[in-house]
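S.K.: Got a structure for you, questions after.
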Amino acid sequence: VQLQASGGGLVQAGGSLRLSCAASGRTFSTYGMGWFRQAPGKEREFVAAINRRGDSTYYAESVKGRLTISRDNAKNTVYLQMSSLKFEDTAVYYCAARSGSGWYENPNNYNYWGQGTQVTVSS
């Protein structure tokens, strides 16, 4: 599966953005999906994940209550609604797809990655 992330940009602290990740192929609904981010000089970190049906979600503590992951299997797309953004949310955001099991937070459990989209939050 190929993933194409979009929706990043420059936003002021307290603002909102919605990231999208469009997947190719007919098997999107068989993949769990996740969002990760990587800030300059830091390791890639887990942000949020959603199961194949879209009825279970998982979040990093740092984003709970501010970011919401969702998916539309009919459109082969996963979303990350970001609100109350903080300067420390600045990073390149990557979407990823997984076909197996294991912890959602572990990037090694994902099989496919998108190219990333830059989110910059100005303080």
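The values are calculated or read from the model by the stated rules, or taken from the named source; none is laboratory data. Here the structure is a predicted model, which is why all the values come from computation and not from measurement. Cβ coordinates were reconstructed from backbone atoms using ideal geometry, including for glycine residues, and neighbour counts include every protein chain displayed. These accessible areas exclude ligands, DNA and RNA; they are computed on the full protein's heavy atoms, side chains included. Shrake-Rupley method; radii C 1.70, N 1.55, O 1.52, S 1.80 Å.
S.K.: Residue by residue, what Karplus-based ³J(HN,Hα) values in Hz, rounded to whole numbers, does segment 110-123 have, using 6.51, -1.76 and 1.60 with θ = phi - 60° and x for Gly and Pro?
M.R.: So the Karplus estimates, Gly and Pro as x, are 10, 9, 9, 10, x, 7, x, 9, 7, 10, 10, 10, 8, 8 Hz.
S.K.: Among DSSP bridges having both ends in the chain, what percentage is antiparallel? Round to the nearest 5.
M.R.: Values: 36 of 40 bridges.
Here the share of antiparallel DSSP bridges comes out near 90 percent.
S.K.: Roughly how many nanometres apart are two label points built 7 Å out from the Cα toward the Cβ at E43 and S29?
M.R.: About 3.7 nm separates the two model spin labels.
S.K.: Enter the accessible area per residue of the chain (Å², integer; probe 1.4 Å; all protein chains in place). All intermediate terms of the calculation are to be shown ahead of the outcome.
M.R.: Working: 6480 Å² over 123 residues.
Normalised by residue count, the accessible surface of the chain is 53 Å².
S.K.: Quick one: pull the percent of accessible area on the chain belonging to carbon and sulfur, 1.4 Å probe, ligands and nucleic acids left out.
M.R.: Its accessible area is 45 percent carbon and sulfur atoms.
S.K.: For G15, which sequence-distant residues (separation of 5 or more, or a different chain) have an amide H within less than 5 Å of its own amide H, given hydrogens modelled in the peptide plane?
M.R.: Distant-sequence amide H within range of G15: L85.
S.K.: Run down the aspartates and glutamates and flag those whose C-alpha is under 15 Å from the C-alpha of K42, throwing out any fewer than 8 positions away in its chain.
M.R.: E88, D89
S.K.: Give, rounded to the nearest 20 debye, the magnitude of the charge dipole that segment 1-115 has about its Cα centre when Lys and Arg contribute +1 at Cβ and Asp and Glu contribute -1 at Cβ.
M.R.: On the way: 13 positive and 8 negative charges, 58 e Å.
Rounded to the nearest 20 debye, it is 280 debye.
S.K.: Sticking with this one: Between Q4 and Q115, how many nm apart are label points set 7 Å from Cα along the C-beta direction?
M.R.: Rounded to a tenth, the inter-label distance reads 0.9 nm.
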